[in-house]
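Here the structure is laid out as structure tokens; the discussion comes afterwards.
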Amino acid sequence: MLKRIASWLCCLVLLLSCAGGPSSATVDKTPARPGATAPALQLPPLTLTLWHPWSGRKEQALDALARSFEQLHPEIRIRLEAHPVASLVHDYAAVAADAGGPQLLLLRGRYVGELALSQHLLPLDTVVPTPTLTLLLPAALANGQVNGHPYGMPLSLDALVFWYDRRMLTRQPASLMDLFAAPGATVTSTVAPDATTTATPQPSIKLAYHLSLVTTLPYLYALDGRLQNASDGVALGTTMRPAAVHWLSALQDLMAQPQVRASDDLALVDRALQIGHAWSAIDWSYQGSEYESVWGKDAIGVAGLLPATTGGKAPPTMVAADVLSVNPVTNAEQRMAAYSFVRYALSEEAQTNLAKIAGVVPANSRAKVDAATHALRAAINTAVPEPTTLDSRSWAILNDMVQNVLTGNAVPEQALDAATAQLQPAH
């Protein structure tokens with residue numbers, strides 16, 4: 001019996017020795033290095049989405065800006081998403097109201113007020129350091145502010161300026177009346193009316209001017225008028241009524257001037273420019289390449305807006321900025337990353353590259369620019385921002401007011417009274 005038990009025990013020991021436990025020959029007995037830690041877990045980059053309305057060279061410049069930022073911040077990715085300019089603000093407001101949407105938004109400053117008052121944009125008071133803010137054109141910075149607080153930081157700016165062909169105007173006119181009094185001339189159109197006729201000499205056009213609410217506002221300001229003021233929201237119909245009537249009447253007179261193509265029909269104004277009839281134009285600064293193609297690079301002159309009469313008050317330059325804003329629907333990590341992108345976008349390096357690739361006027365005064373952009377900067381002397389406190393409905397009402405006067409559907413007083421009544425807050 002004892003022999004049988006001993007035999008079983010020997011078999012059990014033999015089985016245990018072969019059961020698969022590591023042998024002493026295969027166990028790594030090397031002691032761990034002092035201070036050694038486990039390999040760090042590699043987290044995927046944080047992705048921020050930026051909605052924008054840019055296309056062409058401007059979109060290419062924005063993409064280059066985003067990739068340069070990623071090189072400095074490899075833990076962050078910027079995903080660009082283009083949206084039609086006509087629907088950008090409406091689409092963003094809709095998704096932001098449902099606690100969604102992109103983390104970053106690039107939009108025209110005039111729309112900041114409506115979105116900020118709806119709490120769809122974050123205030124950016126402490127995001128950008130003061131030394132950087134002092135380098136930004138004040139009017140461009142103001143175009144992203146509402147009630148003194150910034151809700152958008154200007155990436156680039158557009159300005160309403162006076163373009164002229166220096167071959168036809170050897171000196172800059174002192175005023176619009178000085179321009180209209182210049183000796184007339186005829187030009188030969190390079191575009192024949194149709195295939196069966198030849199081009200014939202036609203009177204030159206001394207000024208081409210697309211008339212709209214925003215493009216003519218500087219001339220209201222030159223009359224010390226405003227759309228709104230602090231004491232009453234509808235200043236046009238009350239304290240500013242005399243200036244507003246004068247302004248609207250002057251637009252009618254401008255349309256009646258001989259050798260002036262001033263109209264609310266953009267296609268009509270554009271055609272006069274494209275066939276080379278116009279000596280000068282009041283237009284936005286981003287159109288510089290168009291005038292270069294029509295008049296030639298060496299013939300372009302640019303200046304601030306001319307006063308209506310010689311010796312009269314010069315209108316301020318209207319500045320419209322494209323501003324970067326941040327969606328409140330962001331977590332802390334996304335918010336800090338978005339703020340970093342905004343700061344980089346305003347830097348001298350980023351602004352210089354933006355101007356070089358897109359041909360825009362950068363908001364940072366330290367950005368290096370070419371001669372043409374430098375001339376535009378010089379033309380932006382006494383600049384004012386587009387209004388930011390009007391909502392979409394108010395813009396539409398005021399645009400209709402100007403349109404009704406220009407088309408002859410109403411005299412200035414009637415159009416002004418109708419707009420004032422519609423702008424009154426409901427009681």
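The values are calculated or read from the model by the stated rules, or taken from the named source; none is laboratory data. Keep in mind the model is a prediction, meaning the values are calculated, not measured. No Cβ is skipped: glycine too gets one built from the backbone with ideal geometry, and neighbour counts run over all protein chains shown.
A few remarks follow.
- Among the residues making up the range 239-267, a single one is surrounded by 17 or more Cβ atoms within 10 Å (Cβ to Cβ), hydrophobic (A, V, I, L, M, F, W, C) and modelled with pLDDT under 90: 240.
- Residues of the range 48-101 satisfying the condition of being among the basic types (Lys, Arg) and out of contact with any helix residue (DSSP H, G or I) (no Cβ under 9 Å at 6 or more places or on another chain): 67
- Scanning the range 85-92 for residues that are of a type in the set (Val, Ile, Thr), surrounded by fewer than 21 Cβ atoms within 10 Å (Cβ to Cβ) and without any contact (Cβ under 8 Å) to a residue 12 or more places away in the chain turns up nothing.
- The range 400-410, residues that are surrounded by 15 or more Cβ atoms within 10 Å (Cβ to Cβ) and of a type outside the set (Asp, Glu): 401, 402, 403, 404, 405, 406, 410
- Test: residue in the range 146-167 that is farther than 30 Å from residue 374 by Cβ, not acidic (Asp, Glu) and not in a loop (DSSP other than H, G, I, E, B): yes
- Extreme residue, modelled with the highest pLDDT, among residues of the range 388-399 that are surrounded by fewer than 19 Cβ atoms within 10 Å (Cβ to Cβ) and not in a helix (DSSP H, G or I): 391
- Subset of the range 369-383 (residues that are buried (at least 19 other Cβ atoms within 10 Å of the Cβ) and outside any helix (DSSP H, G or I)): 369, 380, 383
- Under the condition of being within 22 Å of residue 375 (Cα to Cα) and assigned to a helix (DSSP H, G or I), the residues counted in the range 297-353 number 9.
Conditions tested, residue by residue: (1) more than 27 Å from residue 225 (Cα to Cα); (2) acidic (Asp, Glu); (3) in contact with a strand residue (DSSP E or B) (Cβ under 8 Å, 6 or more places away or on another chain).
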{"site": "268", "(1), (2), (3)": "yes, no, yes"}
{"site": "271", "(1), (2), (3)": "yes, no, no"}
{"site": "287", "(1), (2), (3)": "yes, no, yes"}
{"site": "295", "(1), (2), (3)": "yes, no, yes"}
{"site": "300", "(1), (2), (3)": "yes, no, yes"}
{"site": "303", "(1), (2), (3)": "no, no, yes"}
{"site": "314", "(1), (2), (3)": "no, no, no"}
{"site": "319", "(1), (2), (3)": "no, no, yes"}
{"site": "334", "(1), (2), (3)": "yes, no, yes"}
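- Filter pass, residue 366 being of a type in the set (Lys, Arg), within 20 Å of the chain's Cα centre (by Cα), over 21 Å from residue 224 (Cα atoms) and in a loop (DSSP other than H, G, I, E, B): yes
- When the criteria are applied in full, residue 325 meets the requirement of being in contact with a Phe, Trp or Tyr (Cβ under 7 Å, 6 or more places away or on another chain), touching a residue at least 12 places away in the same chain (Cβ under 8 Å), within 19 Å of residue 79 (Cβ to Cβ) and small (Gly, Ala, Ser).
- Residue in the range 269-287 that is assigned to a helix (DSSP H, G or I), among the hydroxyl-bearing types (Ser, Thr, Tyr) and free of Cβ contacts under 8 Å to residues at least 40 places away in the same chain present: no
- Qualifying residues in the range 309-333 (those that are crowded, with 21+ Cβ neighbours inside 10 Å and hydroxyl-bearing (Ser, Thr, Tyr)) - the one nearest to residue 383 (Cα to Cα): 317
Each row is one residue, and each column tells you yes or no for (1) out of contact with any Phe, Trp or Tyr (no Cβ under 6 Å at 6 or more places or on another chain); (2) crowded, with 21+ Cβ neighbours inside 10 Å; (3) modelled with pLDDT under 85.
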{"position": "197", "(1), (2), (3)": "yes, no, yes"}
{"position": "201", "(1), (2), (3)": "yes, no, yes"}
{"position": "206", "(1), (2), (3)": "no, yes, no"}
{"position": "220", "(1), (2), (3)": "no, yes, no"}
{"position": "224", "(1), (2), (3)": "yes, no, no"}
{"position": "228", "(1), (2), (3)": "yes, no, yes"}
{"position": "231", "(1), (2), (3)": "yes, no, yes"}
{"position": "234", "(1), (2), (3)": "yes, no, yes"}
{"position": "237", "(1), (2), (3)": "yes, no, yes"}
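- The sole residue among 99, 64 that is over 30 Å from residue 215 (Cα atoms) and modelled with pLDDT under 95 is 99.
- Scanning the range 75-86 for any residue that is at pLDDT below 95 and under 29 Å from residue 350 (Cα atoms) turns up at least one such residue.
- Of the residues screened, residue 32 is not one that is small (Gly, Ala, Ser), modelled with pLDDT of 65 or more, loosely packed, with under 10 Cβ neighbours inside 10 Å and out of contact with any helix residue (DSSP H, G or I) (no Cβ under 8 Å at 6 or more places or on another chain).
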